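Colleague: What follows is a structure written as structure tokens; I'll ask about it next.
The values are calculated or read from the model by the stated rules, or taken from the named source; none is laboratory data. All of these numbers come straight from a predicted model, not from anything done at the bench. With ideal geometry, Cβ positions are generated from the backbone for all residues, glycine too; neighbour counts draw on all protein chains shown. Quick note on the areas: whole protein, heavy atoms, side chains included, nothing else; ligands and nucleic acids left out. Shrake-Rupley method; radii C 1.70, N 1.55, O 1.52, S 1.80 Å.
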Amino acid sequence: MSTTLPSDTPALQRLEAELRGAHAAWQQRGLKLDLTRGKPGPEQVALASALDGALGGDFSGDGIDDTRGYGGLLGIPEARRLFGELLQAPPEQTLVGGNSSLQLMYQCISFAYLHGIGGQPPWREQGAVRFLCPTPGYDRHFRICEALGIEMTPLPLSEEGPDMDAVEEAVSDPAVKGIWCVPHFSNPSGICYSEETVGRMARLGQRAAPDFRVFWDLAYAIHDFAPGAPELPPDLLELCRQTKTEDSVFLFGSTSKISFAGGGVAALATSADNLKWFSRHLAVTTVGPDKVNQLRHVRLFPDLHALREHMRGHAALLRPRFAAVDSVLADTLGHRQKSPYGRWNTPRGGYFVMFNTRAGTAATVVQLAAEAGLALTPAGATWPRGHDPDDSDIRIAPSVPSITEVKQAMALFADCIRLATVQAVLAEHGG
Ligand SMILES: Cc1ncc(COP(=O)(O)O)c(C=O)c1O
């Protein structure tokens, strides 16, 4: 199969007819494939099945006779130690909550919105407030802002992280109250922030509004699956302590992609003052978290080393799936940085491959794929309000399907890319 794109109209027309035939043949097959959400596949969650029975009837923790009771708003001490290691934060500045870090993010923002933070008036009383959104980014981050009426400013994201010149300039506006960051194996571009970017993030609090916060989402902190993956980003809280900006950051993490996506444990680390602020408002909403689940987790994963060992099993399952994505695309579309059909990355960790189509064709590709039985994340989902101005970003999440299904899905995807591209070029040629 040729991976080039003809330049003359008759050859393009022949290729388009051929690709339309191929698409019709895919439609006949009645496939039901899905590359949408980034979540652990069935074999991955099975790796943590020993959580069932991990307690063996012993519900006692460090200084807690019975974790089945109410209370313990900040989490059990051994879980705070474990997440402190994961987030590179002191245990006394780490809160361990329920099963979702996204919920902790929403709570931080909604508490600031309703009650104010850092001694400032509530955001809802400050007129228009906004968040900086390095893009492409995580759709659910953007949905939180959208739900609370917080404006969003997209900013470019490079291999090193967000454009820090643009970030530093933007935060001088006191209406800017936050920035979304996934610093390690970013969702969906798979990039890892450079040391310089992290250092500049730590200093943002010196020039931003007193109620500005960096939302540092370490969802993929230990999720490398290929050799040569970058190390975890430098310790942000410690850098902030050195520059006296500790109040300017919230760090988040969870075991959603370590143990069970819906039955894991999530944590928040921040300054002592922020933690006091957060727990004061949290106490209104709950008597305490599910300490039994926290205890099960620390019995199975007593420390960061145990978590990292466990992640080797995940890596062994993810590596061939990501390799299959790359090899099918390379075989059908050519070189990932030079193909006339688009560009894609080959991440060494995280959950996603980012595909950039020819401008103006991503939504068509998603539609063509759906017609042939392949569900993809909606085009534009990686942009604030779902609007990708270039209509070019498609997020591919290959963790859940089997390797055979990933290969089949990617072959279909590549055919949809080729058809949409050829049709767009023909339209440009006026035919
Ligand atoms: C960047 C990022 N943050 C947070 C989450 C959700 O985490 P949790 O399950 O802890 O709410 C995800 C899930 O895909 C994610 O990709």
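Colleague: Of the heavy-atom accessible surface of the range 235-348 (probe 1.4 angstrom), what whole percent is carbon and sulfur?
Modeller: Whole-percent figure for carbon plus sulfur exposure: 52.
Colleague: Order of 389-397, 125-133, 186-194 by packing, highest average Cβ count within 10 Å first?
Modeller: 186-194, 389-397, 125-133
Colleague: In whole Hz, what ³J(HN,Hα) sequence does the range 208-213 give by Karplus (6.51, -1.76, 1.60; θ = phi - 60°), x for Gly and Pro?
Modeller: Going residue by residue, I get 9, 4, x, 9, 7, 9 Hz, with x marking Gly and Pro.
Colleague: If you don't mind, another one. List the lysines whose Cα sits under 22 Å from the Cα of Lys338, skipping any in the same chain fewer than 8 residues away.
Modeller: Lys407
Colleague: Another question, then. Tell me the mean residue ellipticity at 222 nm calculated for the chain from its helices only (DSSP H runs of n ≥ 4, each -39500 (n - 2.57), averaged over every residue, nearest 500). Working shown, then result.
Modeller: On the way: 13 runs with 174 residues, N = 431.
Calculated mean residue ellipticity at 222 nm is -13000 deg cm²/dmol.
Colleague: From the Cα gyration tensor of the range 153-193, with a ≥ b ≥ c the square roots of its eigenvalues, which class applies: rounded if a/c is under 1.5, or else prolate if a/b is larger than b/c, or else oblate? Mind dumping the intermediate values first?
Modeller: Values: a/c = 2.76, a/b = 1.99, b/c = 1.39.
Prolate is the answer for the range 153-193, as a/c is 1.5 or above and a/b outweighs b/c.
Colleague: Which value does Rg/Rh take for the range 223-323 over its C-alpha atoms, Rh per Kirkwood?
Modeller: Across the range 223-323, the Cα-based Rg/Rh ratio is 1.03.
Colleague: Over 25 Å apart: what share of the alpha carbon pairs of the range 155-276 falls there, rounded to a whole percent? Mind showing how you got there, number by number?
Modeller: Working: 1706 of 7381 pairs.
More than 25 Å apart: 23 percent of the Cα pairs in the range 155-276.
Colleague: Of the residues Lys257, Lys291, Lys32, which exhibits the maximal mean-square fluctuation in a Gaussian network model of the chain defined by a 10 Å Cα contact cut-off?
Modeller: Lys32
Colleague: Now a separate question. In the range 112-196, what percent of the accessible surface is made up of carbon and sulfur (1.4 Å probe, ligands and nucleic acids excluded)?
Modeller: Ligands and nucleic acids excluded, carbon and sulfur give 45 percent.
Colleague: Could you please report the charge total around Val353, scoring K, R as +1 and D, E as -1 over all other residues with beta-carbon less than 12 angstrom from its beta-carbon?
Modeller: Every neighbour counted, the sum reads +3.
Colleague: Same structure, new question: Just for the chain, what percent of DSSP beta bridges are antiparallel, to the closest 5?
Modeller: Counting DSSP beta bridges with both partners in the chain, the antiparallel share is about 50 percent.
Colleague: Tell me the per residue accessible area of the range 316-392 using a 1.4 Å probe; a whole number in Å² is fine.
Modeller: Normalised by residue count, the accessible surface of the range 316-392 is 39 Å².
Colleague: Mind ordering 311-320, 244-253, 340-349 by average Cβ neighbours within 10 Å, highest first?
Modeller: Highest to lowest by the protection proxy: 244-253, 340-349, 311-320.
Colleague: Per Stokes-Einstein, at 10 °C and 1.306 mPa s, what whole-number D in µm² s⁻¹ belongs to the range 294-368, with the Kirkwood radius over Cα pairs as the hydrodynamic radius?
Modeller: 106 µm²/s
Colleague: Let me ask you something else. Can you tell me the alpha carbon radius of gyration of the range 275-403 divided by the globular rule-of-thumb value 2.2 N^0.38 Å?
Modeller: For the range 275-403, the normalised Cα radius of gyration comes out at 1.46.
Colleague: Cβ neighbours within 10 Å, averaged per peptide: list 102-108, 6-12 in order, most packed at the top.
Modeller: By packing density, highest mean first, the sequence is 102-108, 6-12.
Colleague: Sticking with this structure for a sec: With every protein chain left in place, what is the accessible area per residue of the range 59-303 in square angstrom, probe 1.4 Å?
Modeller: 38 Å²
Colleague: Contour minus end-to-end for Glu43 and Arg130, with contour as 0.36 nm per residue of separation and end-to-end as the Cα-Cα distance?
Modeller: Value of the extension gain: 27.3 nm.
Colleague: How many percent of all Cα-Cα pairs in the range 59-303 sit more than 29 Å apart?
Modeller: 25 percent
Colleague: Given a 1.4 angstrom probe, I'd like the percentage of the accessible area of the range 391-431 that is carbon and sulfur, rounded to a whole number.
Modeller: Carbon and sulfur atoms account for 51 percent of the accessible area of the range 391-431.
Colleague: Can you compute 3J(HN,Hα) from phi for each residue in the range 370-377, using the Karplus curve 6.51 cos²θ - 1.76 cosθ + 1.60 with θ = phi - 60°, rounded to whole Hz and x for Gly and Pro?
Modeller: Working through the residues one at a time gives 4, 4, 9, x, 10, 7, 10, 4 Hz.
Colleague: Something else now. Which shape class applies to the range 1-130: rounded if a/c is under 1.5, otherwise prolate when a/b exceeds b/c and oblate if not, where a ≥ b ≥ c are the square roots of the Cα gyration tensor eigenvalues? Kindly include the intermediate steps, with their values, before the conclusion.
Modeller: On the way: a/c = 3.70, a/b = 1.79, b/c = 2.07.
Oblate, because a/c is 1.5 or more while a/b does not exceed b/c.
Colleague: Here's another thing I want to ask about it. If you look at just the Cα atoms of the chain, how large are its Rg and its Dmax in Å?
Modeller: 23.1, 79
Colleague: Can you work out the Karplus-derived ³J(HN,Hα) for every residue in the range 104-116? Use 6.51 cos²θ - 1.76 cosθ + 1.60 with θ = phi - 60°, whole Hz, and x for glycine or proline.
Modeller: Karplus values, whole Hz, x for Gly and Pro: 4, 5, 4, 5, 4, 6, 6, 5, 5, 5, 7, 10, x.
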